[in-house]
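A short write-up of the structure that comes next.
The values are calculated or read from the model by the stated rules, or taken from the named source; none is laboratory data. Just so it is clear, the structure is predicted and the values come from calculations on it, not from any experiment. Every residue, glycine as well, gets a Cβ built from its backbone with ideal geometry; the counts of neighbours run over all protein chains shown. Ligands, DNA and RNA are excluded from the accessible area calculation, which covers all protein heavy atoms including side chains. Shrake-Rupley method; radii C 1.70, N 1.55, O 1.52, S 1.80 Å.
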Amino acid sequence: MSKKAKTAIQPTRSEDFPNWYQKVIVASDLAENSKTRGCMIIKPYGYAIWENIQQIFDKRIKAHGVENAYFPLLIPLKFIASEAEHIDGFAKECAVVTHHKLEMDENRQLVPAGKLEEPYVIRPTSETVIGDAMSRWINSYRDLPMKINQWCNVMRWEMRTRLFLRTSEFLWQEGHNAFASPEESDTDARLMVDEYAKFAENVLAIPVITGEKTANERFPGAESTYTIEAVMQDGKALQAGTSHNLGTNFSKSANIVFQDKTGKEQFAHTTSWGISTRLIGGLIMVHSDDDGLQLPPAIAPYQVVIIPVVKNPEQADAINEYVQNICEGLIAQDIRVHVNKKDDSVGNKIWDSIKKGVPLRVEIGAKEMESGTLTHVRRDIGRDSKTNSSVEEFVSTASDILASIQTSLFERAKAIVADNLSDVADLDALQQLYKDDYQGLVRIPTSFIEDDQYKQLAKEFSLSERCLPFADNGSMVVIGRAY
RNA sequence: CGGGGUAUGGCGCAGUCUGGUAGCGCAUCUGCUUUGGGAGCAGAGGGUCGUAGGUUCGAAUCCUGCUACCCCGACCA
């Protein structure tokens, strides 16, 4: 009673981080593996997080003049064959549709029939399709800039999958912008990665390192790739969003040409940028603890859960009415609130809200009702934050409490970055660091990565270049292990 | 794709070595008592052992192929 006997999630983070990650997803009811190889079922609670990501981010990109559209899932094979470097990056992981019907064979088994003249590829990304459309939509400099985004699914036949972090099918947004000049496309690619950084930090409470990818980590066919890299609790990096300046590489293969003011034909300069359901994996690995998920209020499907404590049936109506009034007060403050009316014990409901990471829990029984109060507990602090306050006071300060939780999660996440990002004097020091079982990231001078000693260390310790942080103007590179 | 592991009710597992046709915990359902950090008792339902084939009088168990999942690595905008 006095002390927590065990954690809700076993194993704990320190015992077995990958296993803990899977268990958090199950315990919080976000998603599960499906019968389809490498594909997940995103359950309602997990999908609600994605819907919030969509709603919030969609507003931000529309403010930049981006318009949403929808393009086909299936891409004609000849589209893909047109851009060599790009397709090299994806050919190994493309699912291909080769038939258009099923027939019953002699063993009464359904087999593919009706072979297609030209196979289709299930989109791994849509540069080629959208490029083809843009080649028809863009004729004049007056048509530029053109900014098109789609929220959709894509498929990449990955060798090794993990829920949210890398699945064969995943949900994302892919933005595709076209401009008249190289300066504009580079500015745009940087603008979008900056939007990702702001979204990650202000909404998801995930601090990120924003920077540019090195040449060998760059998107196939891009001139430059900008990225936000987040740091997980185990010290590994997670690429959480990328924005590419494609220059004229794609407009040349898709023939996106416009006439400039002088009547001369020119290739458009394009960008593409995306974030995906992978962000949910990042949320889990940054914020959750050994009792389960912990969600920043800004993204939580519900920010407050109310647990009615009904000890005898005669009180039920009165308590429900009391709860309903509080609910309405919170909704009027634009707070997302959920009343757990499930026929279950109070203890189970409390644990359920902890495992699901609801930021703020409210308990209301006869005791509170008689005194015009309620009891509330913060998920980030736990039972030590248990407070009894009047309904009026709570309703008027709930937004502040949620804001405080948002801040405390962000601060905690910043401490994770600080603990897992080191500088070293030279490559010998780097080697010693990882030999001593260091799990985090290291910032080294960019010139080091050409060194043979570095290349050998990178191989030995599975290190890769995460990015050249904007903050260091390209002089430094952050390296480490990544998801 | 390489190495290792796993596959048995919804979930987690035992049973496999020493073949004889399935068991435990949790969850579920019913009833009663309970409910403020994971309730108790009593009763009930639910699987034919990933899949295809082989050996055998008989296969969860032995043999072979296939598939999926997990971990490590390679790969991965």
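What do you get for the angle between helix A:182-198 and the principal long axis of chain A? Use alpha-carbon atoms, 0 to 90 degrees, nearest ten.
Once rounded, one gets 20 degrees.
List the lysines whose Cα sits under 19 Å from the Cα of A:LYS264, skipping any in the same chain fewer than 8 residues away.
Of all the lysines, those that pass the test against A:LYS264 - Cα under 19 Å, at least 8 places apart if same chain - are A:LYS252.
Using a 1.4 Å probe, what is the accessible area per residue for the stretch A:17-287, in Å²? Please list the in-between numbers first.
Details: 11740 Å² over 271 residues.
Value for the stretch A:17-287: 43 Å² per residue.
Mean residue ellipticity at 222 nm from the helices of chain A, using -39,500 (n - 2.57) per DSSP H segment of n ≥ 4 over the full residue count, to the nearest 500 deg cm²/dmol?
Numbers: 14 runs with 169 residues, N = 483.
Taking each H run of at least 4 residues, the total per residue is -11000 deg cm²/dmol.
How much net charge surrounds A:LYS459 when only the other residues with a Cβ under 14 Å from the Cβ of A:LYS459 are counted, with Lys and Arg +1 and Asp and Glu -1? Walk me through the intermediate numbers first.
Values: positive: A:LYS455, A:ARG481; negative: A:ASP451, A:ASP452, A:GLU460, A:GLU465.
Surrounding charge for A:LYS459 is -2.
Tilt of helix A:346-355 relative to the longest C-alpha principal axis of chain A, in degrees (0 to 90, nearest 10)?
That helix lies at roughly 20 degrees to the long axis.
What does the highest-first list of A:420-428, A:205-213 look like by mean Cβ count within 10 Å? Show your work: numbers first, answer last.
Numbers: A:420-428: 14.6, A:205-213: 24.2.
Descending packing order for the listed peptides: A:205-213, A:420-428.
Could you work out what % of the accessible surface of the stretch A:340-483 is carbon and sulfur, using a 1.4 angstrom probe and leaving DNA, RNA and ligands out of the count?
Details: 3400 of 7080 Å².
Whole-percent figure for carbon plus sulfur exposure: 48.
With +1 assigned to the C-beta of every Lys and Arg and -1 to the C-beta of every Asp and Glu, and no other charges, what is the dipole magnitude of chain A about the Cα centre in debye, to the nearest 20? Before the final figure, lay out each step's value.
Details: 54 positive and 68 negative charges, 187 e Å.
In total the dipole reaches around 900 debye.
What is the log10 of I(q)/I(0) for chain A, computed with the Debye formula using one identical point scatterer on each Cα and no solvent, at q = 0.07, 0.11, 0.13, 0.14 Å⁻¹?
-0.46, -1.00, -1.24, -1.34
Once neighbouring chains are kept in place and the probe is 1.4 Å, which whole percent of the accessible area of the stretch A:17-287 is contributed by carbon and sulfur?
Roughly 50 percent of what the probe reaches on the stretch A:17-287 is carbon or sulfur.
Let me know the shape class of the stretch A:127-179, please: from the alpha-carbon gyration tensor, a ≥ b ≥ c as square roots of the eigenvalues, rounded when a/c is under 1.5, otherwise prolate if a/b is greater than b/c, or oblate.
Working: a/c = 4.41, a/b = 2.98, b/c = 1.48.
Here the stretch A:127-179 falls in the prolate category.
Which ³J(HN,Hα) values in Hz, rounded to whole numbers, follow from the phi angles of the stretch A:27-34 under the Karplus curve 6.51 cos²θ - 1.76 cosθ + 1.60, where θ = phi - 60° and Gly and Pro get x?
Once rounded to whole Hz, the list reads 5, 9, 6, 7, 6, 8, 5, 10.
For the stretch A:421-480, treating each Cα as an identical point scatterer without solvent, what Debye log10 I(q)/I(0) comes out at q = 0.24, 0.27 1/Å?
Values, matching the q order: -0.97, -1.24.
Could you rank the peptides A:27-34, A:384-391, A:342-349, A:72-79 by their average count of other C-beta atoms within 10 Å per residue, with the highest value first? It would help to have the intermediate numbers written out before the result.
Numbers: A:27-34: 19.0, A:384-391: 13.5, A:342-349: 11.2, A:72-79: 15.5.
Packing order, densest peptide first, comes out as A:27-34, A:72-79, A:384-391, A:342-349.
Working from Cα positions, state the angle (0 to 90°, nearest 10) between the long axis of helix A:313-332 and the longest principal axis of chain A.
It works out to around 40 degrees.
With +1 on the Cβ of every Lys and Arg and -1 on the Cβ of every Asp and Glu, and nothing else charged, how large is the dipole of the stretch A:199-340 about its Cα centre, in debye rounded to the nearest 20?
780 debye
Taking only pairs that are 8 or more places apart or on different chains, how many Lys pairs in the stretch A:304-400 have Cα atoms under 17 angstrom apart?
Qualifying lysine pairs in the stretch A:304-400: 10.
Sequence gap at least 6, Cα distance under 8 Å: using those rules, report the relative contact order of chain A to the nearest whole percent. List each step's numbers first, then the result.
Details: 931 pairs, mean separation 70.3, N = 483.
Reported as a whole number, the value is 15 percent.
Once you have a ≥ b ≥ c as the square roots of the Cα gyration tensor eigenvalues for the stretch A:17-287, tell me rounded if a/c is under 1.5, and otherwise prolate or oblate according to whether a/b is larger than b/c.
Details: a/c = 2.01, a/b = 1.12, b/c = 1.79.
Oblate is the answer for the stretch A:17-287, as a/c is 1.5 or above yet b/c matches or exceeds a/b.
By the gyration tensor of its Cα atoms, with a ≥ b ≥ c the square roots of the eigenvalues, what is the shape of the stretch A:299-349: rounded for a/c under 1.5, prolate for a/b over b/c, or oblate?
Details: a/c = 3.85, a/b = 1.44, b/c = 2.67.
Cα axes put the stretch A:299-349 in the oblate bin.
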